[in-house]
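A short worksheet on the structure shown next.
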Amino acid sequence: MAEEKDTLKYEEALKQLEEIVARMENGDVGIESLNESLKKAQELVKLCRDRLMKIEKQIADSSEELG
């Protein structure tokens with residue numbers, strides 16, 4: 001995921017996360033792959049959160065420069 005983290009766009013990460021959640025809600029995740037799916041979902045949540053925080057900081061910095 002480290003390499004993927006650098007290239008994965010926010011929208012793509014969110015889509016993957018939504019797909020994992022949908023599979024879990026529909027019972028399409030077998031017990032064997034449940035742990036793997038949960039780990040992947042946690043990584044995607046962290047990636048999305050980090051990206052949002054980065055953008056939020058950039059917006060705040062830009063606003064300070066303008067104000």
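How many percent of the accessible area of the chain is carbon or sulfur, using a 1.4 Å probe? Can you show the working numbers first?
Working: 2870 of 5460 Å².
The value for the chain is 53 percent carbon and sulfur by accessible area.
Leaving out ligands and nucleic acids, and using a 1.4 Å probe, what accessible area per residue does the chain come to in Å²?
Here the per-residue accessible area is 81 Å².
Compute a Gaussian network model of the chain, connecting alpha carbons closer than 10 Å, and tell me which residue from 17, 38, 47 fluctuates the most.
Greatest mean-square fluctuation among the candidates belongs to 38.
Enumerate lysine pairs in the chain that are 8 or more residues apart or on different chains, then count those whose Cα atoms are under 17 Å apart.
Qualifying lysine pairs in the chain: 13.
Rounded, prolate or oblate: which fits the chain when a ≥ b ≥ c are the square roots of the eigenvalues of the alpha-carbon gyration tensor, with rounded for a/c under 1.5 and prolate only if a/b beats b/c?
Prolate, since a/c reaches 1.5 and a/b exceeds b/c.
Calculate the dipole size of the chain relative to its Cα centre from +1 charges on Lys and Arg beta carbons and -1 charges on Asp and Glu beta carbons; express the result in debye to the nearest 20.
Working: 11 positive and 17 negative charges, 25 e Å.
For the chain, the charge dipole is close to 120 debye.
For the chain, find the longest principal axis of its Cα atoms and tell me its angle to the long axis of helix 10-25, 0 to 90°, nearest 10.
Once rounded, the angle reads 30 degrees.
What FRET efficiency comes out for the pair residue 58/residue 12, r = Cβ-Cβ distance, R0 = 22 Å, nearest 0.05? Walk me through the intermediate numbers first.
On the way: r = 20 Å, r/R0 = 0.90.
Efficiency at R0 = 22 Å is approximately 0.65.
Return one number: the angle in degrees, 0 to 90 and rounded to the nearest 10, between the long axis of the Cα atoms of helix 31-66 and the longest principal axis of the Cα atoms of the chain.
10
The values are calculated or read from the model by the stated rules, or taken from the named source; none is laboratory data. What you see is a predicted model, and the numbers here were worked out from it, not measured in a lab. No Cβ is skipped: glycine too gets one built from the backbone with ideal geometry, and neighbour counts run over all protein chains shown. In case anyone asks, the SASA skips ligands and DNA or RNA and just uses the protein heavy atoms, side chains included. Shrake-Rupley method; radii C 1.70, N 1.55, O 1.52, S 1.80 Å.
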